[in-house]
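Colleague: Submitted below is the structure of interest, expressed as structure tokens.
Just so it is clear, none of the values below were taken in a lab; they were calculated from the coordinates. All of these numbers come straight from a predicted model, not from anything done at the bench. Quick reminder, even Gly has a Cβ in these numbers, built from the backbone with ideal geometry, and neighbours come from all protein chains shown.
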Amino acid sequence: MKKNFILILVLTISPLVSLQSQEAEPILWGVDFHLWGISVHYAGDVGKNLYVGVEAGILPNKFDWVLLAGRYISKENTIWSSDKSEAHVNEIDQLVFGHVFTRWKPKFNWIEVEAGFRWSVYSRSGYGVDDLGLTRFLGIYSKQMVGLNRVKVGTQFSFGNMKGDYYPPERETVVIASLLFRYNFK
């Protein structure tokens with residue numbers, strides 16, 4: 001029993017030790033898929049398994065979940081809301097977004113963690129919205145990814161404020177969680 005345990009331990013740890021000696025990739029680039037949406041990211045190595053980069057994307061993520069919002073952004077499944085009186089008619093769809101980020105990617109490539117600044121434009125519906133109802137989001141975000149070398153699945157949490165030109169009339173603090181899939185070319 002003890003010999004089997006030691007053998008399993010050696011077989012599990014030895015690939016990780018050998019991977020730690022590999023050189024870090026000088027650049028990372030790839031594609032994130034968000035059910036309907038898509039984005040492209042590019043980052044350069046700044047040392048110690050850290051990368052700095054940018055990401056740009058279009059179209060909505062239908063796997064998103066508004067966790068915290070006010071009256072004009074809350075949906076029926078929003079957990080923390082100051083006022084859900086219009087939740088049954090509120091709908092938001094991301095149109096375009098941009099990120100500036102820092103990513104930590106260890107050499108064994110099973111996980112990636114990134115955080116940065118986020119700007120996006122949403123189309124929203126609700127009472128009193130007769131057009132696209134463009135609403136801007138400005139805040140910070142974090143992504144946690146896990147998977148194989150090139151293919152990963154993960155979550156994104158966005159924290160910030162949403163405000164339209166005229167609707168919603170005031171700025172709302174929101175937290176949005178979403179599911180995404182990543183393919184890294186490098």
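Colleague: Quick check: residue separation of TRP29 and GLU91 times 0.36 nm, minus the Cα distance between them. What number comes out in nm? Working shown, then result.
Modeller: Working: separation 62, 0.36 × 62 = 22.32 nm, distance 3.17 nm.
Difference between extended and current length: 19.2 nm.
Colleague: Here is a further query. For GLU86, what is the net charge nearby, where nearby means another residue's Cβ is under 15 Å from its Cβ and Lys, Arg count +1, Asp, Glu -1?
Modeller: Result for the local shell: -1.
Colleague: Let me ask you something else. Return a whole-number percent for the relative contact order of the range 40-111, with Cα pairs under 8 Å and 6 or more residues apart as the contact set.
Modeller: Values: 123 pairs, mean separation 24.6, N = 72.
Normalised by residue count, the contact order of the range 40-111 is 34 percent.
Colleague: Quick check: residue separation of SER142 and THR102 times 0.36 nm, minus the Cα distance between them. What number comes out in nm? Present the calculation step by step, with values, prior to reporting the outcome.
Modeller: Values: separation 40, 0.36 × 40 = 14.40 nm, distance 0.97 nm.
Extra length available between SER142 and THR102 comes to 13.4 nm.
Colleague: Further, regarding this structure: Over the range 53-104, what is the percentage of antiparallel beta bridges among all DSSP beta bridges, to the nearest 5? Walk me through the numbers on the way to the answer.
Modeller: Details: 6 of 8 bridges.
Rounded to the nearest five, the antiparallel share is 75 percent.
Colleague: I'd like the GluC sites (Glu not before Pro) in the range 23-114 restricted to DSSP loop residues with at most 13 other Cβ atoms within 10 Å, sorted by number. Can you show the working numbers first?
Modeller: On the way: sites: GLU23, GLU55, GLU76, GLU86, GLU91, GLU112, GLU114; in loops: GLU23, GLU76, GLU86.
When the GluC sites (Glu not before Pro) of the range 23-114 are filtered for loop state and at most 13 Cβ neighbours within 10 Å, GLU23, GLU76 remain.
Colleague: If you don't mind, there's one more thing I want to ask. If one puts a single equal scatterer on every Cα of the range 33-186 and applies the Debye formula without solvent, what log₁₀ I(q)/I(0) results at q = 0.10, 0.15, 0.19 Å⁻¹?
Modeller: Values, matching the q order: -0.37, -0.76, -1.11.
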